Amino acid sequence: MRRANEHGPLLVVGSTGKTGRHVVERLRRLGEDVRPVSRSTSVRFDWFDEATWETAVSGARAAYLVDSQDENAGERMRAFAPFAVERGVERLVLLSARGWDDSGEPELLATENALKDSGAAWTILRPTWFMQGFTEDETLSAPVRAGELRLPCGDGLEPFIDAEDIAEVAAAVLTGGGHQETTYALSGPRALSMGEAVDTIAKATGRAIRYVPVSEEDYVAGLTAEGLPEEQARFVAKLFGWIRDGEDAHLSDGVQRVLGRAPRDFTAFVARAAAAGAWDD
Ligand SMILES: NC(=O)c1ccc[n+]([C@@H]2O[C@H](COP(=O)([O-])OP(=O)(O)OC[C@H]3O[C@@H](n4cnc5c(N)ncnc54)[C@H](OP(=O)(O)O)[C@@H]3O)[C@@H](O)[C@H]2O)c1
């Protein structure tokens with residue numbers, strides 16, 4: 001019979017990324033034994049190199065999973081999740097995305113489905129767009145720093161979430177009970193337009209920054225001119241189109257349900273990021 005690793009470390013896959021980094025910090029603050037892994041950590045883990053999996057999962061009792069974020073993500077999860085469960089990693093927490101469910105594109109749910117079929121005690125986190133996109137994702141942060149953000153979002157609204165809230169939810173789910181076979185949709189406390197988001201950053205930094213709504217075609221042309229393959233550019237434009245069309249504006253209560261408090265607000269995030277010099281030259 002399979003034995004669970006009751007006292008082993010908590011594995012964090014994608015530990016150097018926008019959420020994983022905060023998951024590691026949060027778990028350490030809680031006094032947990034953490035094993036951070038990615039392709040660049042001392043314990044190396046690569047979704048595409050199965051020889052790295054055994055050491056990564058060995059003795060771990062639960063795992064936070066950021067998938068490989070490409071067309072192979074579902075197939076990789078379908079191989080990895082049962083591999084981990086077989087070795088006693090009972091609880092698997094997957095970072096997914098809120099929009100995938102409404103996208104009408106079943107392949108975007110491939111990693112969620114693989115996790116559910118794995119026999120793990122699974123929990124799925126479906127966040128909205130991260131506030132940290134404005135500081136850590138070049139698609140948004142570079143134009144903001146340059147003073148003009150051009151996106152095909154019109155006046156559409158998005159309830160951006162703070163990655164630190166996602167991490168706090170993940171840490172609670174990894175260490176507490178009652179979250180099995182549950183999907184949590186996670187959003188920030190209010191929906192903002194890109195114009196409002198940029199104005200908030202401009203006010204906090206004292207920099208002149210403006211948002212310019214553009215057509216989807218112009219946006220794709222801009223990205224491909226910068227060297228992005230057209231298929232990827234169209235996918236990014238489609239995601240922004242969901243914001244423009246109002247499909248992502250609603251709020252979700254996952255943070256309240258797991259943490260019993262409201263999510264962090266965008267203005268507080270911007271104040272913190274500005275003080276840390278996120279948009280300085
Ligand atoms: N950004 C948003 O607004 C947003 C909104 C909703 C949902 N999401 C979801 O969030 C996920 C991304 O999470 P994140 O932002 O925390 O991560 P991230 O900042 O994109 O970082 C990716 C992490 O995965 C690691 N990684 C990349 N390729 C790997 C591989 N082949 N094998 C092992 N590790 C690999 C990276 O480290 P190394 O490079 O060192 O390997 C890094 O730690 C995606 O699934 C996305 O759909 C994002």
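The values are calculated or read from the model by the stated rules, or taken from the named source; none is laboratory data. Since this is a predicted model, take the numbers as computed values, not measurements. Note: ideal-geometry Cβ built from the backbone for every residue, glycine included; neighbour counts use all protein chains shown. The accessibility values were calculated without ligands, DNA or RNA, using every heavy atom of the protein model including side chains. Shrake-Rupley method; radii C 1.70, N 1.55, O 1.52, S 1.80 Å.
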Need the failing condition index for T19 against (1) of a type in the set (S, T, Y); (2) farther than 29 Å from F235 by Cβ; (3) in contact with a helix residue (DSSP H, G or I) (Cβ under 7 Å, 6 or more places away or on another chain), just the number. (2)
Inter-residue pairs, beta-carbon under 8 Å, first in contact (Cβ under 8 Å) with a residue 12 or more places away in the chain and under 17 Å from V258 (Cα atoms) and in the range 120-142, second part of a helix (DSSP H, G or I) and β-branched (V, I, T), 6+ apart: T123/V173; L125/I166; L125/V169; L125/V173; P127/I166
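Within the range 13-33, how many residues are of a type in the set (A, V, I, L, M, F, W, C) and more than 9 Å from the ligand (Cβ to nearest atom)?
Narrowing the range 13-33 to residues of a type in the set (A, V, I, L, M, F, W, C): 13, 23-24, 27, 30.
Imposing the further condition that a residue be more than 9 Å from the ligand (Cβ to nearest atom) reduces the set to 24, 27, 30.
Of the residues in the range 13-33, 3 are of a type in the set (A, V, I, L, M, F, W, C) and more than 9 Å from the ligand (Cβ to nearest atom).
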Quick check, is V66 at pLDDT 95 or above, within 20 Å of K18 (Cα to Cα), within 9 Å of the ligand (Cβ to nearest atom) and not acidic (D, E)? yes
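Can you confirm whether E25 is touching a residue at least 40 places away in the same chain (Cβ under 8 Å), under 25 Å from F160 (Cα atoms) and open to solvent by 80 Å² or more (accessible area, probe 1.4 Å)? Outline the logic, then answer.
Details: touching a residue at least 40 places away in the same chain (Cβ under 8 Å): yes; under 25 Å from F160 (Cα atoms): yes; open to solvent by 80 Å² or more (accessible area, probe 1.4 Å): yes.
Answer is yes for this residue.
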Any idea which residue in the range 152-189 is most open to solvent (accessible area, probe 1.4 Å), counting only those that are touching an Asp or Glu at 6+ places or on another chain (Cβ under 9 Å) and under 9 Å from P263 (Cβ atoms)? P189
Where P36 falls short, out of the listed (1) open to solvent by 10 Å² or more (accessible area, probe 1.4 Å); (2) away from the ligand (no atom under 12 Å from the Cβ): (2)
